[in-house]
Structures are given as C-alpha cells and as structure tokens.
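Here is the structure we will look at, set down as structure tokens.
The values are calculated or read from the model by the stated rules, or taken from the named source; none is laboratory data. Only a predicted model underlies this, so the values are computations on that prediction, with no experimental measurement involved. Cβ placement follows ideal geometry from the backbone for every residue including glycine, while neighbour counts extend to all protein chains displayed. Note: accessible area is taken over every heavy atom of the protein model, side chains too, but ligands, DNA and RNA are not part of it. Shrake-Rupley method; radii C 1.70, N 1.55, O 1.52, S 1.80 Å.
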Amino acid sequence: MGMGAGTNSKKNIRNLSLEDLTREVLALSQPGFRAKQIHEWLWKRSATRFEEMTNLPKSFIEILNQDYSLNSVQISNNQISKDRTVKNIFNLADGNQVEGVLIPTTERMTACVSSQVGCSLTCKFCATGFMERKRNLDSGEIVDQVVLMNLQAQELYGLPLTNIVFMGMGEPLLNYSNVLQAVKHLTSPDGLNYSYKRITVSTAGIAKMIRKLADDKVQFNLALSLHAANDKKRNEIMPINESNSLESLKDALVYFSTETKNPITLEYIVFDRFNDQISDAEELYQFSQNFPCKINLIEYNPISLAAYKNAKADKIEAFESYLQRKGMIANVRRSRGKDIDAACGQLALKQG
Ligand code: SF4
C-alpha cells in the first residue's frame, strides 16, 4: 500500500550500523552528528517515516527519502484468533511476503518472526517446508517485524513485547549473519535494548552452525526442533537429519552449552502414532541427558499437505509425566491461533 515503484533500488537504512551511517551522512555533505540523530530515531523511537525525524532539516529528509527506504516491511493483512493470537502477513519491498505471529499470554507478549522467504529445508509436517526458499531476509527486515509487532502489541493489548522467538518461516542458522546482525540491533543499548534472555533462536538442527554460535559466544537462548530422538524417525520427518545426525547434534549442543552456558530448549511435536509412545519419551529423555535443557512438548496442528496428526491428549499427558517423573523440566505447549492457521508449522501464506 502506497509503496511506489522503485522502492527496490533504495538502500534499507536499517541495515547500516552507526559507523556505516556516519560514513554515508558525511558523503552526503552533512555533519556527522546527523548519523546519531537518525540512528536514535530508527532504533530508540521506532520511526516509520523519515518525516518523523523532526530534528533533521527538511532538505535532508528529502535526500534521505530519495536514496533510502526506512521501514521496508509493512503489515499487509492480519487475523486475530479467538485466543488473541495475531497472525500478520508482512509485505517486503520486493513484493515477497512473510508471516509473523504475535502471541499474548498472561505473563508474556511474544513475537515470532521469520528469517527467510520460504525455507530450503523440507520438514514433512511444516507448511513452510512445502514452499521454496526464495531468499534470506536482511537484518532490517527481521527487526522491522519486531518493531511493527511491538507497536501492534501496544495498540491491541496495551503491552510492549517481552519476548522474541525466531520460529517463523525459514531456518535462522542458514541466514546466519543477518540473524546475528538483527539480534545485535534488537539488544544494543543504542537500539531496541531487549535483553538477550528474552530472545530465542530456533533451529531444525545444523550442527556446524550450532558450533559457530558457540564460537561466536552468542548470548541468546537456543531451541532445537527435535521432534524425534532416533535417527530413523527423524530422517523421515526432517531430511536435514540425514546430514546432521543426532550424534552430531548432541556433540554440537554439548559444545554450545559448555562454551556459552546459555539455556537450551528441546522442542518436540507429539504426532499421533509416530513419536507418542513411552519408548519415544525414553529416547528423548536419553538425548536430553547430555546437556542442561528443558523440553517443550508441542501440540500439532495438522496441515492438509502432510500426513501427520496431533497425538491423543492422554498420550501427550503420559509422555509429559514420564519425563517429569525422570526429573526433567517438561511442559506441554498448547496450540495457539489454530483457528487462523497461525500455529506452529502452519505458516504458508494461504492468501499469498
Ligand atoms: S520447520 Fe522450520 S526448518 Fe523445517 S521446513 Fe518449516 S520453517 Fe523450514
């Protein structure tokens, strides 16, 4: 809406660090302190248009408008679930779309963001997995989703975001540098100043990149979408497991845990008659013993493309209490936003 032709050729100003910004401002024959002013508008005040930057001269705002785009992501459409979950479809400047979900609970206001347009992994239960991966999002596009959902949270529910999870479309660790750059903007005191503790990056399990996170000493939480703790079953639903076996993931997580001491969560969707037996729970328990972690058991939302169904309630309960009896922190995560296809594994741009 209102996005004129030619937006694509403009540089997304949110991709620039303060240093880059200073360089470019000087090249435009403006005093260096303008960079700081712009940076503050972008990152502290979540400006959505250059016109809001009232301490800049009008003539400079015009120049900025010509050369840069500012908020290249816009909400094109949203749906609100009976449980208050909001699914947003975001328009990107090049015409692509991604989805992001705002999840309000009693103690949290969580934004689930996308990191890629589509996904190159082909998890068999996930609607995004049936789409092609078109491209990586840049860091500005990732942060924009957060900025927009933070405004939305305040408008709809009167509360700011408390948590940010990279669990939308795409595999964050295959867009490594942009995701890390986005986290930097989100957590920097000159930026949005979110605590690392409130940020979780979720991966389908790429051992080499988990090790890289450890080497880079990241400070955010890590979640592994495990879903099966034996290679045969996991290969069946997550082809990425063929080149990243459970053994290699275990070693990578041990390394991550020792190097960073950051919390790890194992995500486990319980599928009907696939991974819902006590023997499966025992395998999950064994896997979880290698490093400190907690377990989220997730209710599945069937999608028409996939053959899997949600496990029966009594099976999920038995699974949970088996793990708890063994001393694990294990919790069932009820599905949110089911009625609007906003739940885990359902993001696929139906009306796209
Ligand atoms: S579950 Fe995640 S990694 Fe797997 S296909 Fe879906 S978006 Fe990609």
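Within region 238-267, residues that are touching a residue at least 12 places away in the same chain (Cβ under 8 Å) and within 14 Å of the ligand (Cβ to nearest atom) have Cβ atoms under 7 Å from residues that are of a type in the set (S, T, N, Q) and not in a loop (DSSP other than H, G, I, E, B) in these pairs: Asn241/Asn235; Glu267/Ser202; Glu267/Ser225; Glu267/Asn296, counting only partners at least 6 apart in sequence or on another chain. Checked against (1) open to solvent by 30 Å² or more (accessible area, probe 1.4 Å); (2) β-branched (Val, Ile, Thr); (3) closer than 21 Å to Asn150 by Cα, Val254 passes all but condition (3).
For region 131-180, a tally of residues being more than 13 Å from the ligand (Cβ to nearest atom), touching a Pro at 6+ places or on another chain (Cβ under 7 Å), open to solvent by less than 60 Å² (accessible area, probe 1.4 Å) and without any contact (Cβ under 8 Å) to a residue 60 or more places away in the chain returns 1.
Of the residues making up region 61-89, just one is surrounded by fewer than 16 Cβ atoms within 10 Å (Cβ to Cβ) and of a type in the set (Gly, Ala, Ser), namely Ser76. Pairing each residue of region 210-224 that is closer than 22 Å to Asn193 by Cβ with any residue that is in a loop (DSSP other than H, G, I, E, B) and not small (Gly, Ala, Ser), provided the two are 6+ apart or on different chains, yields C-beta distances under 7 Å for Gln219/Asn262; Phe220/Asn262; Asn221/Asn262; Asn221/Pro263; Leu222/Asn262.
Take the conditions (1) of a type in the set (A, V, I, L, M, F, W, C); (2) modelled with pLDDT of 85 or more; (3) open to solvent by 20 Å² or more (accessible area, probe 1.4 Å); Met1 misses just one of them, which is (2).
Within region 90-130, can you find the residues that are within 16 Å of the ligand (Cβ to nearest atom) and not in a loop (DSSP other than H, G, I, E, B)?
Looking only at region 90-130, we keep the residues that are within 16 Å of the ligand (Cβ to nearest atom), and these are 90, 96-101, 112-130.
If the condition is that a residue be within 16 Å of the ligand (Cβ to nearest atom) and not in a loop (DSSP other than H, G, I, E, B), then Phe90, Gln97, Val98, Glu99, Gly100, Val101, Cys112, Gln116, Val117, Thr128, Gly129, Phe130 are the ones that fit.
Checked against (1) at pLDDT 95 or above; (2) touching a strand residue (DSSP E or B) at 6+ places or on another chain (Cβ under 7 Å); (3) among the aliphatic types (A, V, I, L, M), Leu148 passes all but a single condition, namely (1).
Residue count for region 14-34, restricted to those that are under 29 Å from the mean Cα position of the chain (by Cα) and modelled with pLDDT of 90 or more: 3. Every condition in (1) open to solvent by 40 Å² or more (accessible area, probe 1.4 Å); (2) more than 16 Å from the ligand (Cβ to nearest atom); (3) of a type outside the set (Phe, Trp, Tyr) holds for Ala330 except the one numbered (1). Being within 22 Å of Cys126 (Cα to Cα), assigned to a helix (DSSP H, G or I) and open to solvent by 20 Å² or more (accessible area, probe 1.4 Å) is the requirement here; does Asp339 meet it? So Asp339 passes the test.
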